[in-house]
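The structure appears below as structure tokens.
The values are calculated or read from the model by the stated rules, or taken from the named source; none is laboratory data. These figures come from a predicted structure and were not determined experimentally. Using ideal geometry, Cβ is built from the backbone for each residue, glycine included, and neighbour counts are taken over all protein chains shown.
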Amino acid sequence: MKFKGYRRPDGKIGIRNHVLILPCSLCASETARFISSQVPGSVYIPNQGGCAIVKADLEITLKVLSGFAANPNVYGTVVVGNTCEIVQADLLVGRIKELTNKPVEKVVIRDAGGTIKAAELGVKYAMQMSIEASKCVKEEADISELILATECGGSDPTSGLAANPTLGYVSDKLVSLGGISILSETSELVGTEDILAPRCKDEKTAERLLEIIKNNEEYFEKAGESLRDGNPSTGNKEGGLTTLEEKSLGCIHKAGYSTIMKVYDYGEQIDTNEKGLVVMDTPGQDVASVAAMAAGGAQIVIFTTGRGTPTGSGIVPVIKITGNAETAELMADNIDFDASAIIGGKSSIEEKGEELFELMLQIADGRKSKAEALGFNDMSMARKCNFC
């Protein structure tokens, strides 16, 4: 099975051809936005981090930002710095070059003489990259080169009954064809340990999975908080979910029934030589979770939702699926796929799974998801500590 994409100098295949304007910190974000607004075909990331952070959060930020630049959907990157932030432009450029040999340039606002002059230089770099990117010709790639990120948000009972099992079917089919599927949201694996651990390929993988779930709960306890105070969320409860365990049991249906091959840290680069179902240690906050999987190299996201969400990403197309007929109607602007016929008994999980798989291939080939068409570009990042 094939799809068409852009072959990068590092050998990876992208399904989009973005020129990325990447701010080092929140202080450079508006200048990055200004640069991107002048260059069609470019995208920028509204980075609200990068400064007043401890070493652990510096590492997370560098991992995620450099991962964005290395993502196969990106042709090349213009890094925008300010000079005073902790994530210095030279530091970020260095990390990008460790991950990929794709084009990268930098602009430093103070060194350039302020925002206007920095923008002029950034536009120059971005325009040149955009011209070069336009010369790229799509080529056929095997489905085994696709990395699918799975996400759920605004869940309700229809998520576990229809939307997530449909996505699980897609995940299993992709894995059977040699691709990679990522199960995320560690906080929503709590209560499913006895189901997921036996599915791991070996004892070491199972121990790592149990470790990240345990660490997630202990993290909140050390802060004097409870994970269950915010999860399930207000929207989850209004939709009919009553406990975190109930929510988790619905959540893991996104992963189908495949063997869990590996557990990755937040934003860690996915090893494309190790195929199959993997887990990434991400928070339950949807945008921060999607960001981590995009940084890890996922080219596409399928996002299930019961209550509905408009979330999108500037790096990867996000496909929205719901099992709630009311949500499909109320949020038609945002929902790409309606799986509610499963609950009505008018369709099976397998039938809807095949339809969703076909939609995924169409979007991999270039069709826009609704979040893409709306230009949505949400960004959030996990962190260890409060601001310094």
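Of all residues in the stretch 104-162, exactly one satisfies the criterion of being among the acidic types (Asp, Glu) and free of Cβ contacts under 8 Å to residues at least 12 places away in the same chain, namely 120.
Within the stretch 283-310, count every residue that is in contact with a strand residue (DSSP E or B) (Cβ under 9 Å, 6 or more places away or on another chain), assigned to a loop (DSSP other than H, G, I, E, B) and at negative phi. Working first, answer last.
Going through the stretch 283-310, the residues in contact with a strand residue (DSSP E or B) (Cβ under 9 Å, 6 or more places away or on another chain) turn out to be 286, 289-290, 292-294, 296-310.
Subsequent filtering for residues that are assigned to a loop (DSSP other than H, G, I, E, B) retains 297-299, 305-310.
Subsequent filtering for residues that are at negative phi retains 298-299, 305-307, 309-310.
Qualifying residue count for the region: 7.
Evaluating residue 155 against the criteria (1) in the same structural domain as residue 357 (by TED's automatic domain parsing); (2) surrounded by 24 or more Cβ atoms within 10 Å (Cβ to Cβ); (3) in a helix (DSSP H, G or I) leaves one unmet condition, (3). If the condition is being at pLDDT below 95, of a type in the set (A, V, I, L, M, F, W, C) and either in contact with a Leu (Cβ under 7 Å, 6 or more places away or on another chain) or closer than 28 Å to residue 9 by Cα (or both), then the stretch 46-86 contributes only 51.
Among the residues of the stretch 62-90, the ones that are closer than 25 Å to residue 383 by Cα, crowded, with 17+ Cβ neighbours inside 10 Å and in contact with a Cys (Cβ under 9 Å, 6 or more places away or on another chain) come to 10 in all. I'd like to know if the stretch 371-388 contains one or more residues that are free of Cβ contacts under 8 Å to residues at least 12 places away in the same chain, surrounded by 14 or more Cβ atoms within 10 Å (Cβ to Cβ) and over 18 Å from the mean Cα position of the chain (by Cα). The answer is no, given that none of the residues of the stretch 371-388 is free of Cβ contacts under 8 Å to residues at least 12 places away in the same chain, surrounded by 14 or more Cβ atoms within 10 Å (Cβ to Cβ) and over 18 Å from the mean Cα position of the chain (by Cα).
What do you reckon, is residue 332 modelled with pLDDT of 95 or more, surrounded by fewer than 21 Cβ atoms within 10 Å (Cβ to Cβ) and in a loop (DSSP other than H, G, I, E, B)? The answer is yes for residue 332.
Please pick out the residue among 181, 144 that is of a type outside the set (Val, Ile, Thr) and crowded, with 24+ Cβ neighbours inside 10 Å. Give the derivation first.
Values: 144 fails: crowded, with 24+ Cβ neighbours inside 10 Å.
Selected residue: 181, the only one of 181, 144 that is of a type outside the set (Val, Ile, Thr) and crowded, with 24+ Cβ neighbours inside 10 Å.
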